[in-house]
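Trainee: Please see the structure below; I have some questions.
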Amino acid sequence: MAFVKMTEGDSHYHGLEKMPIGELLKNINKEDKTVPDVVEGVIPQIEVLVHAIVDKMLAGGRLFYIGAGTSGRLGIVDASECPPTYGVPYGLVVGIIAGGKKAITEAVEFAEDDTEQGWLDLQEHNANSADVVIGIAASGTTPYVINALEKCREHNIITGSICCNPDAPLSAAADFPVEVVVGPEFVTGSTRMKSGTAQKLVLNMISTSVMIQLGRVEDNKMVNMQLTNDKLVDRGVKMLMENTGITAYETAKELLLANKTVKKATEAYKTTNGD
């Protein structure tokens with residue numbers, strides 16, 4: 001029986017070029033609304049993957065995302081946002097895309113079809129059995145990603161996957177597969193749409209829950225965020241004032257900037273004041 005890609009099934013909508021703009025927007029939104037419900041249905045799959053990631057990272061391991069095209073770009077976005085949001089070192093969460101950095105903004109021909117390069121790209125980062133590698137591919141059939149996960153399995157590296165087709169080859173290559181089956185796209189085969197949204201939601205859930213489990217969030221606050229702009233400094237000052245009872249904005253700001261993060265500034269204040 002041939003593998004069927006539901007993401008490339010015929011769209012429910014036809015004559016798109018004749019639709020008024022308002023109707024186009026409403027129909028795209030109608031399709032997008034279905035995605036969170038599908039994601040909710042696979043939370044048990046995501047949960048077991050997160051448990052595996054947390055166990056490895058608490059022991060000193062790293063998290064890798066590897067993908068091609070839109071999927072690869074989404075992995076890079078999620079990885080790149082972890083250091084500024086949670087204050088973790090660059091290199092703790094790593095995004096890898098078929099075709100390298102050029103592929104972040106341009107399509108690199110046939111990069112996703114290379115069956116050897118995925119593992120070579122992981123080896124540039126010395127991926128090993130202490131780490132977790134998540135393959136991302138909307139179709140679940142991308143050779144670059146599948147073969148990378150198969151090589152990981154040979155080297156005793158725990159793997160997860162995120163795809164949008166049922167019973168996909170990528171899932172078979174992963175220890176902890178997540179299949180978010182969103183169905184045909186509004187524009188047939190345009191997996192940057194519902195499939196991309198689904199993958200982004202799952203990546204948000206994975207990285208956020210992992211970082212919370214690693215102690216990078218207190219209450220509901222990003223106490224380890226990097227102070228990379230005035231908005232974040234202001235947010236940090238207000239968090240610090242709330243945490244410590246400091247009433248003078250400039251006093252809190254001076255303490256925050258001296259200690260780089262809300263968490264460290266709070267600890268410094270409590271140490272100095274005997275709390």
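Trainee: Within segment 1-111, which helices (runs of 4 or more DSSP H) (wholly inside it) include 2 or more residues that are without any contact (Cβ under 8 Å) to a residue 24 or more places away in the chain, of a type in the set (Lys, Arg) and farther than 28 Å from Tyr144 by Cβ?
Mentor: 21-32
Trainee: With respect to Val77, determine if the residue is in contact with a Leu (Cβ under 7 Å, 6 or more places away or on another chain) and either of a type outside the set (D, E, K, R) or at pLDDT 95 or above (or both).
Mentor: So Val77 fails the test.
Trainee: Another question, if that's okay. Against the definition (surrounded by 19 or more Cβ atoms within 10 Å (Cβ to Cβ), at pLDDT 95 or above, outside the structural domain of Asn29 (by TED's automatic domain parsing) and under 30 Å from Ala52 (Cα atoms)), how does Val262 come out, yes or no? Before you say what the answer is, go through the steps one by one.
Mentor: Numbers: surrounded by 19 or more Cβ atoms within 10 Å (Cβ to Cβ): yes; at pLDDT 95 or above: yes; outside the structural domain of Asn29 (by TED's automatic domain parsing): yes; under 30 Å from Ala52 (Cα atoms): yes.
Here the answer is yes, as Val262 does meet what is asked.
Trainee: Quick one: what pairs do we get from segment 208-237, first residue more than 13 Å from Lys263 (Cβ to Cβ), second of a type in the set (Asp, Glu), C-beta under 9 Å, 6+ apart or different chains?
Mentor: Short answer, once both residue conditions are applied: Ser209/Glu47; Val237/Glu250.
The values are calculated or read from the model by the stated rules, or taken from the named source; none is laboratory data. Here the structure is a predicted model, which is why all the values come from computation and not from measurement. Glycine gets a Cβ as well: all are built from the backbone with ideal geometry, and neighbour counts include every protein chain shown.
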